[in-house]
Structure formats: structure tokens, C-alpha cells
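These notes concern the structure reproduced below.
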Amino acid sequence: MRLRSVALAVAAAGLLVTAPTASAAMSETSGEAWPPGNCPQDNFCIWPNWAHPEPAPVETPSLVTNREWSGSVPALTYYNHTPRSVDLEYSYTWPDGSTSSYQNCFDPGGNIFYLPVTVTKLSWHDGPC
């Protein structure tokens, strides 16, 4: 039981920790850690795989939206290519079948989730995170 508690804490921290995000105003060639790739300007994009740069995500996103959204999409990489921050609701399913749910705010820019998650809701955040 203690091991499961430690694993839960470590995984939750990994889900919530992201590298510094970059400004959405930065150009795609600015050298930012997670460039927008094929995410259109003024959209929020999610990819179901780890879409590491070089040359940036070129795979088909599992979600591209510029509106509030709810549903269910697999996620490992995201890019907020808007000037607004977003609130995402997402979950992680543990190997034993149990699920942990999270909500986090994401400023403009991109990064990865450290575990495969399922995003279920996107809403626009008033002001920065």
C-alpha cells in the first residue's frame, strides 16, 4: 500500500510538472523546446504520441480546437497556439484499471504529458495561469 501511495504521488507530480512554456508569439523557428509543428495559429492541439521536435509535430493531432471542447482524446503532447490560457481536465488510467483525474491550467506554448492521459475537457482560462 505504501508503494502504491509513493507511485501515485510521483505520477501525479509528473503529470502536473511541465517544462517552462514559451510565448505563443514566438516564431516556429525560435528554437523553443516544444514548437507548434502542424498546430494552426489560434488553436489548441493535442497529439496522441510524444511528438518531439525535429522538425516538430507532424503527426495528425487527436484534437485541434479554438473553442471550448469536451469529449475524450488520447494525449501525450500539447501545444497552446493561442494568446489565452486553457484549463484542461484529463485522467490517467493505472495498470490496475483505477483512474486518477486532474485539472490543470496551461499558458501559451507547448510541452508533453509525462504519462499517457485522456483529455476530457478544455475551457478557456481568464487571465494567465
Of (1) closer than 23 Å to P40 by Cβ; (2) under 12 Å from the mean Cα position of the chain (by Cα); (3) part of a strand (DSSP E or B); (4) not aliphatic (A, V, I, L, M), Y114 fails just (1)
Here are some residues: P128, P36. Which one is in contact (Cβ under 8 Å) with a residue 40 or more places away in the chain, in a loop (DSSP other than H, G, I, E, B) and buried (at least 19 other Cβ atoms within 10 Å of the Cβ)? P36
Whether any residue in the range 49-64 is at pLDDT 90 or above, touching an Asp or Glu at 6+ places or on another chain (Cβ under 6 Å) and closer than 25 Å to S101 by Cα is what I want to check. no
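The values are calculated or read from the model by the stated rules, or taken from the named source; none is laboratory data. Everything quoted here is computed from the prediction, not taken from an experiment. Methodologically, a virtual Cβ is constructed for each residue, glycine included, from the backbone with ideal geometry; neighbour enumeration extends over all protein chains shown.
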